[in-house]
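The values are calculated or read from the model by the stated rules, or taken from the named source; none is laboratory data. These numbers were taken from a predicted model, which means no experiment stands behind them. Cβ atoms come from the backbone with ideal geometry, glycine included; neighbour counts cover every protein chain shown.
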Amino acid sequence: MAEDFPGWHGTTIVGVRKGGKVVIAGDGQVSMGQTVMKGTARKVRRLSPGGHEIVAGFAGSTADAFALLERLEAKLEATPGQLARASVELAKDWRTDKYLQKLEAMLIVSDGKDIFVITGAGDVLEPEHDVTAIGSGGNYALAAARALIDTDHTAEEIARKAMAIAADICVYTNGNLTVETIGA
């Protein structure tokens with residue numbers, strides 16, 4: 001349960017799909033209570049299970065997120081090139097497995113075509129408006145990205161601007177970004 005954790009907060013991850021590309025961007029701040037413990041964490045990673053490129057961003061406990069990313073890689077190796085199927089299988093396991101149920105994290109994943117949010121509640125959500133966000137500053141980044149999606153900005157420009165807005169508003173989000181692009 002979240003109340004069992006020692007006050008760890010902080011992360012904003014945004015995913016933007018536009019112009020045949022998907023950009024996932026995340027900030028670098030890790031906080032404990034009101035203290036910034038680290039400002040340069042990498043919460044967006046590139047995975048290559050079975051030779052298929054995947055970009056994933058995570059919010060929540062780092063150790064829990066890495067455990068979930070390892071499981072996602074295993075699911076992708078069992079179903080090469082099928083991100084939706086692997087994501088659903090991970091979400092099912094996460095919801096029903098007693099060990100996994102305790103994990104406190106969320107993921108945004110993309111193969112360059114599809115983009116999904118995977119949660120411990122068993123959800124695999126695809127955004128309706130080609131933008132999604134998670135984490136403590138996620139709502140700020142989501143609102144900013146939604147406002148910018150119909151402009152002439154590229155997916156990366158939108159992600160960077162949305163993250164800058166979230167960092168200006170959310171005290172658990174900073175401007176040290178990791179940005180990964182995947183797609184055509």
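Among the listed residues 144, 133, 167, which satisfies the condition of being closer than 22 Å to residue 53 by Cα and either touching a residue at least 40 places away in the same chain (Cβ under 8 Å) or buried (at least 18 other Cβ atoms within 10 Å of the Cβ) (or both)? Explain how you work it out, then say what you get.
Values: 144 fails: closer than 22 Å to residue 53 by Cα; 167 fails: closer than 22 Å to residue 53 by Cα.
Among 144, 133, 167, only 133 is closer than 22 Å to residue 53 by Cα and either touching a residue at least 40 places away in the same chain (Cβ under 8 Å) or buried (at least 18 other Cβ atoms within 10 Å of the Cβ) (or both).
Go through (1) more than 17 Å from residue 112 (Cα to Cα); (2) modelled with pLDDT under 90; (3) within 19 Å of the chain's Cα centre (by Cα) and name the single condition residue 5 misses.
It is condition (3) that residue 5 fails.
Please state which one of 95, 85, 46, 71 is of a type outside the set (Gly, Ala, Ser) and within 15 Å of the chain's Cα centre (by Cα). Spell out the reasoning first.
Working: 95 fails: within 15 Å of the chain's Cα centre (by Cα); 85 fails: within 15 Å of the chain's Cα centre (by Cα); 71 fails: within 15 Å of the chain's Cα centre (by Cα).
Criteria check complete, one pass: 46.
List pairs: first residue in the range 23-39 and surrounded by fewer than 24 Cβ atoms within 10 Å (Cβ to Cβ), second residue among the hydroxyl-bearing types (Ser, Thr, Tyr) anywhere in the structure, Cβ distance under 8 angstrom, at least six positions apart or on different chains.
Pairs found: 28/40; 28/178; 30/11; 30/62; 31/172; 37/31.
Right, residue 20: within 22 Å of residue 160 (Cα to Cα) and either buried (at least 17 other Cβ atoms within 10 Å of the Cβ) or more than 18 Å from the chain's Cα centre (by Cα) (or both) or not?
Numbers: within 22 Å of residue 160 (Cα to Cα): yes; either buried (at least 17 other Cβ atoms within 10 Å of the Cβ) or more than 18 Å from the chain's Cα centre (by Cα) (or both): yes.
Against the criterion (within 22 Å of residue 160 (Cα to Cα) and either buried (at least 17 other Cβ atoms within 10 Å of the Cβ) or more than 18 Å from the chain's Cα centre (by Cα) (or both)), residue 20 qualifies.
I need every pair where a residue in the range 86-112 that is touching a residue at least 40 places away in the same chain (Cβ under 8 Å) has its Cβ under 8 Å from the Cβ of a residue that is of a type in the set (Lys, Arg), sequence separation at least 6 or different chains.
110/17; 112/21
Could you tell me whether any residue of the range 132-140 is part of a helix (DSSP H, G or I), touching a helix residue (DSSP H, G or I) at 6+ places or on another chain (Cβ under 6 Å) and under 25 Å from residue 168 (Cβ atoms)? Lay out the reasoning, then the answer.
Filtering the range 132-140 down to residues part of a helix (DSSP H, G or I) leaves 138-140.
After this cut, where a residue has to be touching a helix residue (DSSP H, G or I) at 6+ places or on another chain (Cβ under 6 Å) as well, the list is 140.
From what is left, the residues that are under 25 Å from residue 168 (Cβ atoms) are 140.
The answer is yes; a qualifying residue exists.
Exactly one condition in (1) among the small types (Gly, Ala, Ser); (2) in contact with a strand residue (DSSP E or B) (Cβ under 9 Å, 6 or more places away or on another chain); (3) outside any loop (DSSP other than H, G, I, E, B); (4) farther than 12 Å from residue 14 by Cβ is not met by residue 144; state its number.
(4)
Name every residue in the range 32-47 that is modelled with pLDDT of 85 or more and polar (S, T, N, Q), in order of residue number. Full working, then the answer.
Taking the range 32-47 as the starting set, the residues that turn out to be modelled with pLDDT of 85 or more are 35-47.
Scanning the range 32-47 gives 35, 40.
Of everything in the range 72-110 that's among the acidic types (Asp, Glu) and at pLDDT 90 or above, which residue is surrounded by the fewest Cβ atoms within 10 Å (Cβ to Cβ)? Steps first, please.
Initial filter on the range 72-110 (among the acidic types (Asp, Glu)): 73, 77, 89, 93, 97, 104.
Subset that is at pLDDT 90 or above: 73, 77, 89.
Details: 73: 18, 77: 13, 89: 19.
That would be 77.
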